[in-house]
Amino acid sequence: MIKKRVKQLTFSLIILCHLGFLAAILFEKQNNYLVFGFLILALVLLLVTYKKTPVSAKSHTFEHFLTVAFVFFGAIITYVLHTTFNFSTVLAASTVGLLVSFVPDLIKNNTVVNTIPTAVYCGAFVGMTNVSVAPDYVFIALASVFTGLLLVGSKDSFHGVGGKLGTLAFGGVVLAFFITFLLSK
């Protein structure tokens, strides 16, 4: 029962992230009817996708703990490349993604190793967060843990839907931002 609730919570957080994206676009471009039409189309397509996406509960294993760790690794390495070595955020994330994409070729026929590139690349999106939002490694660590948990919770959802990793990273950064904001008050 708890596993199903975790899946439903994760699914709901992803829906809220998508709606947040659409609302931000709408508020930024209020007077453009073409943008408004695009948003309506996007909303309809998202509703169809949500309707067809199963919310099933599976048991969590040690593999899921490793997924969170790999997201953390990708976020920290990307953030270090960006802040310490002055890589652009895109170059930092793509460097991390490129290097980790070769890992499954080195160790073949291992299901855990095959999940490493996805998790690390999801973390790379977290590491791309602007320094004005993510001022230190603690924030990146917190955001990457939230993102890793969202990735584990949505493991069997949204196959073939583009933007899943970026949406999860956005959700993790937003959650970390709200928590750090509330703790600073």
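Structure above, values below:
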{"read-out": "Condition check for Ser59: open to solvent by 40 Å² or more (accessible area, probe 1.4 Å), modelled with pLDDT under 80, assigned to a loop (DSSP other than H, G, I, E, B) and farther than 15 Å from Met128 by Cβ", "value": "yes"}
{"read-out": "Residue in the stretch 42-52 that is open to solvent by less than 50 Å² (accessible area, probe 1.4 Å), among the polar types (S, T, N, Q), at pLDDT below 80 and more than 19 Å from Ala169 (Cα to Cα) present", "value": "yes"}
{"read-out": "Check on Ala141, under 20 Å from Val90 (Cβ atoms) and among the hydrophobic types (A, V, I, L, M, F, W, C)", "value": "no"}
{"read-out": "Single residue of Val131, Val145, Val100, Val120 found to be within 20 Å of Ile15 (Cα to Cα) and aliphatic (A, V, I, L, M)", "value": "Val145"}
{"read-out": "Residue that is farthest from Val68 (Cα to Cα), among those in the stretch 161-175 that are surrounded by 17 or more Cβ atoms within 10 Å (Cβ to Cβ) and of a type in the set (A, V, I, L, M)", "value": "Val174"}
{"read-out": "So Phe158, is it surrounded by 13 or more Cβ atoms within 10 Å (Cβ to Cβ), among the hydrophobic types (A, V, I, L, M, F, W, C) and in a loop (DSSP other than H, G, I, E, B)", "value": "yes"}
{"read-out": "Close pairs from the stretch 109-138: first in contact (Cβ under 8 Å) with a residue 12 or more places away in the chain, partner aromatic (Phe, Trp, Tyr) and buried (at least 23 other Cβ atoms within 10 Å of the Cβ), Cβ under 6 Å, at least 6 apart", "value": "Ile116/Phe70; Ala119/Phe70; Val120/Phe70; Gly127/Tyr79"}
{"read-out": "Any hit, the stretch 176-184, residues being assigned to a helix (DSSP H, G or I) and either buried (at least 20 other Cβ atoms within 10 Å of the Cβ) or small (Gly, Ala, Ser) (or both)", "value": "yes"}
{"read-out": "Where a residue in the stretch 3-15 is among the aromatic types (Phe, Trp, Tyr) and its partner, wherever it lies, is surrounded by 15 or more Cβ atoms within 10 Å (Cβ to Cβ) and at pLDDT 75 or above, with Cβ under 8 Å and at least six apart", "value": "Phe11/Gly153; Phe11/Ser154"}
{"read-out": "Of the criteria (1) in contact with a Pro (Cβ under 7 Å, 6 or more places away or on another chain); (2) surrounded by 23 or more Cβ atoms within 10 Å (Cβ to Cβ), which one Ser101 fails", "value": "(2)"}
{"read-out": "Residues located in the stretch 60-108, provided they are acidic (Asp, Glu) and in contact (Cβ under 8 Å) with a residue 40 or more places away in the chain", "value": "Glu63"}
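Residues checked against (1) among the small types (Gly, Ala, Ser); (2) surrounded by fewer than 14 Cβ atoms within 10 Å (Cβ to Cβ); (3) at pLDDT below 75; (4) part of a helix (DSSP H, G or I):
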site: Arg5; (1), (2), (3), (4): no, yes, yes, yes
site: Gln8; (1), (2), (3), (4): no, yes, yes, yes
site: Phe11; (1), (2), (3), (4): no, no, yes, yes
site: Ala24; (1), (2), (3), (4): yes, yes, yes, yes
site: Phe27; (1), (2), (3), (4): no, yes, no, yes
site: Gln30; (1), (2), (3), (4): no, yes, yes, no
site: Leu39; (1), (2), (3), (4): no, no, no, yes
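The values are calculated or read from the model by the stated rules, or taken from the named source; none is laboratory data. Note that the coordinates shown come from a computational prediction; the quantities given were computed from them, not determined experimentally. So basically every Cβ, Gly included, is an ideal-geometry build from the backbone, and we count neighbours across all protein chains shown. Accessible surface areas use protein heavy atoms only, side chains included; no ligands, DNA or RNA. Shrake-Rupley method; radii C 1.70, N 1.55, O 1.52, S 1.80 Å.
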